[in-house]
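Input: a single structure, listed below in C-alpha cells.
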Amino acid sequence: MKRIVLWFLSTVSAVVLLFGYHTSTSSQLATASGSVGPAPTGTTTSGGAGSAGGSGGGATSTKAKKKSAAATAPKVATTPTTVTGGVAQTQWGPVQLSLTVAGGKVKAVHVLQRPSGSSMDDEINSYALPVLIRETLSAQSAQIDMVSGATVTSGGYLQSLQSALDQANL
C-alpha cells in the first residue's frame, strides 16, 4: 500500500513539474524578422528596431520637453557604424556577430559565424538565432533570455554580443 501511495505522489509531482515549466521559445518562433541560411559564414540576419510610443500631457508640453531635451542632450552620431564582436568558441563551433549601430541604438544584428556541420546545427540555428536577434533588438542590450534547446549557441551568441556592445560603447 505504501508503494502505491509513494508511486502516485511521485507521478503527480512529476506531471506538475513538467507542465509548470515555461520555455523562452514559447512565443512567435515563426514570426522572427530576417532569415538564417545554412552557410556558416557571411550569413546576414537583420531587423529593424521597434519603436514604442508614449502619450504626453499635451501637444504644447510635449514639444517643449522635446526641445529642452534636444538642447541639453549630447549629440549622438546617426551615421550607421558596424562593430564586430569577438569569436565565441563553443563546443559545437564558433559564434560571431556584428552589429549595425546608429544614434546609440542597435539597428541590426548580423550573424557572421555559427555552429554548422550537421542538420541538427542548422535546425537549431534556424529557430534560435531569429529569437535571439529579435530579443537583442528589443532589449538593446545583452540582458536577454537564452533559447531553450539551444543553450550552447545562445551562450556563444551572448558572449559575442557583449563583446560587440562593449566595442560600440553601449
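Computed quantities for the displayed model
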item: For Ser138: the one exception among (1) surrounded by fewer than 16 Cβ atoms within 10 Å (Cβ to Cβ); (2) assigned to a loop (DSSP other than H, G, I, E, B); (3) of a type in the set (S, T, N, Q); result: (2)
item: Residue ID - farthest from Pro80 (Cα to Cα), chosen from residues in the stretch 114-124 that are surrounded by 20 or more Cβ atoms within 10 Å (Cβ to Cβ) and touching a strand residue (DSSP E or B) at 6+ places or on another chain (Cβ under 8 Å); result: Pro115
item: Scope the stretch 141-151; condition buried (at least 19 other Cβ atoms within 10 Å of the Cβ) and more than 11 Å from the chain's Cα centre (by Cα); matching residues; result: Ala150
item: Breaking point among (1) assigned to a strand (DSSP E or B); (2) in contact with a helix residue (DSSP H, G or I) (Cβ under 9 Å, 6 or more places away or on another chain); (3) buried (at least 16 other Cβ atoms within 10 Å of the Cβ), for Thr100; result: (2)
item: Failed item, numbered, when Leu165 is tested on (1) buried (at least 22 other Cβ atoms within 10 Å of the Cβ); (2) of a type in the set (A, V, I, L, M); (3) within 20 Å of Thr78 (Cβ to Cβ); result: (1)
item: Filtered residues of the stretch 93-147 (kept if closer than 18 Å to Ala164 by Cα and among the polar types (S, T, N, Q)); result: Gln96, Ser98, Thr100, Gln113, Thr136, Ser138, Gln140, Ser141, Gln143
item: Near pairs, Cβ below 9 angstrom, 6+ apart or cross-chain, from the stretch 149-166 (in contact (Cβ under 8 Å) with a residue 12 or more places away in the chain and on the phi < 0 side of the Ramachandran plot) to any residue that is part of a helix (DSSP H, G or I) and of a type in the set (S, T, N, Q); result: Ala150/Asn125; Thr153/Asn125; Tyr157/Thr136; Leu161/Thr136
item: Any hit, the stretch 144-153, residues being farther than 14 Å from Leu99 by Cβ, in a helix (DSSP H, G or I), touching a strand residue (DSSP E or B) at 6+ places or on another chain (Cβ under 7 Å) and not hydroxyl-bearing (Ser, Thr, Tyr); result: yes
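Any read-out appearing in this document is the output of simple, stated calculations on the displayed coordinates, not a laboratory observation. Treat the numbers as computed from the prediction; the structure is a model and nothing was measured. With ideal geometry, Cβ positions are generated from the backbone for all residues, glycine too; neighbour counts draw on all protein chains shown.
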